[in-house]
Structures are given as structure tokens and as C-alpha cells.
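Report on the structure given below.
The values are calculated or read from the model by the stated rules, or taken from the named source; none is laboratory data. These numbers were taken from a predicted model, which means no experiment stands behind them. Quick reminder, even Gly has a Cβ in these numbers, built from the backbone with ideal geometry, and neighbours come from all protein chains shown.
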Amino acid sequence: MPPENAIERSELREEYTQFVGRKLLVMLASLLGIVLLMGIATTLGSADISPAEAYSAILARFLPGQFQTTEFIDTIVWQLRLHRVLMAIFAGMGLAVAGTAMQGILRNPLASPFTLGIASAATFGASLAIILGAGFVGGQYLIVGNAFVFTMLASMIVYGLAKYRGITPETMILAGIAIMYLFSAMTSFLQYVGEAEEVHEVVFWMMGSLGRSSWDKVGIIALVTCVCTLILMKLSWDINALGAGDETAKSLGVNVEVVRVICMVLASLITASIICFTGTIGFIGLVAPHITRMIVGGDHRFLIPASGLVGAILLLGADTVARTIIAPVILPVGIMTAFLGVPFFVYLFMKRRKGYW
């Protein structure tokens, strides 16, 4: 091997190591930001506790001999606040990962679970349960079950319509827009015929809230989000290939339709498992991937997990602001994500680098 080639290869390896290192550093910084924000969010409420006391109460469960806490602080942290904080983290992570996957397979910067009709279907399912009392499951899970079932139903309809005309980004986006307007119209009809109290409950559900969190719900969201994210990361090379166009991806051996359908189903499953418990929380799945793409680039091996971490920061931060901005009144987090998301998204649009997408 000529010496020049060996030197060139050594330089390329060094550049690639630095390339990967910068992305891992961004993810590590995001993870530290989540831990810091989690401690701050856990202290907020009617009972004042310090971040140190909050961290001690959390760590005392895992290292009882190393950290000390009191029964009062332990109750405040573990029974009242921590499950809401973790729900914000995993919900933000899931919505961001779902948005990243959809933008990747559809090659569209405006693609997200909410612009493709999935959220509209969940809202219709919840409205059906609240106003008419009709659903697929009974009891306390009526609203949750309806929202989940109709979310998955919408994704299947989008797939069916796209399959009829060929599964391409254009057909899936058009099918999603049609489904969005259909379920929005049906929700409006239910609101028109519903009683005032029922309509009020539907509107509150549509605003999105983490106030209905519990450890069981956190466990479900965390499990679905983590499993689906791992599968999407395994498909990251195929998603990267789709970014170069369907023909290029096919020439590289990618089964374009299968990858697109699998990613669509996984993104829908993540979204369904979250919004059936939280209601509609917009902009996280749309804004978080754009923020992350500007920082770490478009390689989905790093973009998917990094977007999840950024989404967790955004939703936890929005919920923290919603709980404190006009305390003791707690704003629905969906309102706060819209207030924060719209101007920030406009800023990204105005300042974005050419060709970053």
C-alpha cells in the first residue's frame, strides 16, 4: 500500500471519529439537560423542596444506603410529581421520534403524526366516547381505548389508500390530509350535537395535558417508545437511503414499500400510545426533528435518538413553564407547546441553512 493512501485513510478515520464524537457529545449534553430539568420540574408544586432533596429521594430508591430522604419528600416525589415528569420525557421522546421517522420516509419537512390525520382520528375517538359514550372498551378506559383504536385505524386507512395508488410519499401525504379533514369534520359534528359540558370536556382533551399521568401509563408509553425507537434505529440505513430517492434506494437493495410501511406503523403506534393518554400535543413531532437536524445533520443513525432527547427536553420544558407561568393554575401543555412551537418554528424557517434538509 502506498504511503499516501495510508495517510489519507488515517486522516479519513480521524475525521469520521470526530464526526461521530460531535454527535455523541450533543446527545450526551441533551441527556444531561434532561436530568437537570427533571430535578427542577420535580421541585415545582405547592410543597417546596430543593433539587438536592428531589435527587436524593429518587436515588434513595436505588441506593438506599448512599442517599437519605424523608417520608414526606419521598411521597411528594414518587407519588405526586415524578410520574408526570417521566411521562413528559417519554411522551416528548416518542412524538419526536415518530415525527423524525415520518419526515424521513416521506422526505417532507412538514410530515408529522399530526399533519397526517393520526391526531384527528384520536380526537374523534375520544369525542365519540365523551359525547355518545360509545367505544370499543368500557369503564375507565373508554376514552383511552377509543383514541388508540381510531389512531391505528387512521394509519391503516392511509396505508390502504396509498397502497391503491402506489406507496409513495405523495400518495401517503395526500391520503393523510384527506383523513385529517374527514375526522376533523366528524369531530365538529359531534361537538355540534353534544351538550355544553361534553363539548367542554372534548375541547380540554384536545388541548393536551399531562395531568392524567400515572405510573402504569408511564410504563406503557416508555415500553412502546423504547421498543419502536430501537426498531427504527435498526432501519436507519434504509431511511437514509430513502432520502436519496426511491430509485436510488431500490438500487441499494432497499425494499422501499416495506420500509415505508413498517416505519409508518411504528410511528403510528408510538403516537397512539401517547396521545390516547395525554390528548393532542402538537409541534413536538414537527419542531424537534428540525432542531436536531440542524445540529447533528440528517444521518438517521444519530438523528432518531438525538431527536428523541430534544423532544423530551421540549415537552418537559413546556410542561414546566405551563405549571409555573400563572401558578397555581396549570395550563394544558398542548397550549404551551403551540405558544413556544410556532415562533420557534418560524425562527428555524427564517434562519435555516440552505440544503440542511
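Please verify whether the stretch 79-100 includes one or more residues that are under 21 Å from LEU314 (Cβ atoms), among the aromatic types (Phe, Trp, Tyr), at pLDDT below 85 and crowded, with 16+ Cβ neighbours inside 10 Å.
Checked the stretch 79-100: no residue is under 21 Å from LEU314 (Cβ atoms), among the aromatic types (Phe, Trp, Tyr), at pLDDT below 85 and crowded, with 16+ Cβ neighbours inside 10 Å.
What number goes with the only condition from (1) outside any helix (DSSP H, G or I); (2) of a type outside the set (Ser, Thr, Tyr); (3) under 30 Å from VAL203 (Cβ atoms) that VAL254 does not pass?
Answer for VAL254: the failing condition is (3).
Can you list residue pairs whose Cβ atoms sit under 6 Å apart, with the first residue in the stretch 176-187 being touching a residue at least 24 places away in the same chain (Cβ under 8 Å) and under 7 Å from GLY117 (Cβ atoms) and the second being surrounded by 14 or more Cβ atoms within 10 Å (Cβ to Cβ) and of a type in the set (Gly, Ala, Ser)? Count only pairs 6 or more apart in sequence or on different chains.
Close Cβ pairs (under 6 Å, with a partner that is surrounded by 14 or more Cβ atoms within 10 Å (Cβ to Cβ) and of a type in the set (Gly, Ala, Ser)) amount to GLY176/GLY117; ILE179/GLY117; ILE179/ALA154; MET180/GLY117; MET180/SER120; PHE183/SER120; PHE183/ALA121.
Report, by residue number, each residue of the stretch 99-125 that is touching a Phe, Trp or Tyr at 6+ places or on another chain (Cβ under 9 Å), part of a helix (DSSP H, G or I) and more than 12 Å from ALA272 (Cα to Cα).
GLY99, GLN103, PHE124
Identify, please: which residue in the stretch 115-142 is modelled with pLDDT under 85, of a type in the set (A, V, I, L, M, F, W, C) and surrounded by 24 or more Cβ atoms within 10 Å (Cβ to Cβ) and is, among those, farthest from ALA244 (Cα to Cα)?
Within the stretch 115-142, the match that is farthest from ALA244 (Cα to Cα) is ALA119.
Filter the stretch 221-248 down to the residues that are hydrophobic (A, V, I, L, M, F, W, C) and surrounded by fewer than 17 Cβ atoms within 10 Å (Cβ to Cβ), then identify the one that is farthest from LEU331 (Cα to Cα).
ALA244
Pairs please, first residue from the stretch 270-281 and within 12 Å of PHE150 (Cα to Cα), second anywhere and among the small types (Gly, Ala, Ser), Cβ atoms under 6 Å, 6+ apart in sequence or on different chains.
What qualifies is THR271/ALA98; ILE275/ALA122; CYS276/ALA147.
Being touching a residue at least 12 places away in the same chain (Cβ under 8 Å) and among the small types (Gly, Ala, Ser) is the filter here; which residues of the stretch 55-97 pass it?
SER56, ALA57, ALA60, ALA88, ALA91, GLY92, GLY94, ALA96
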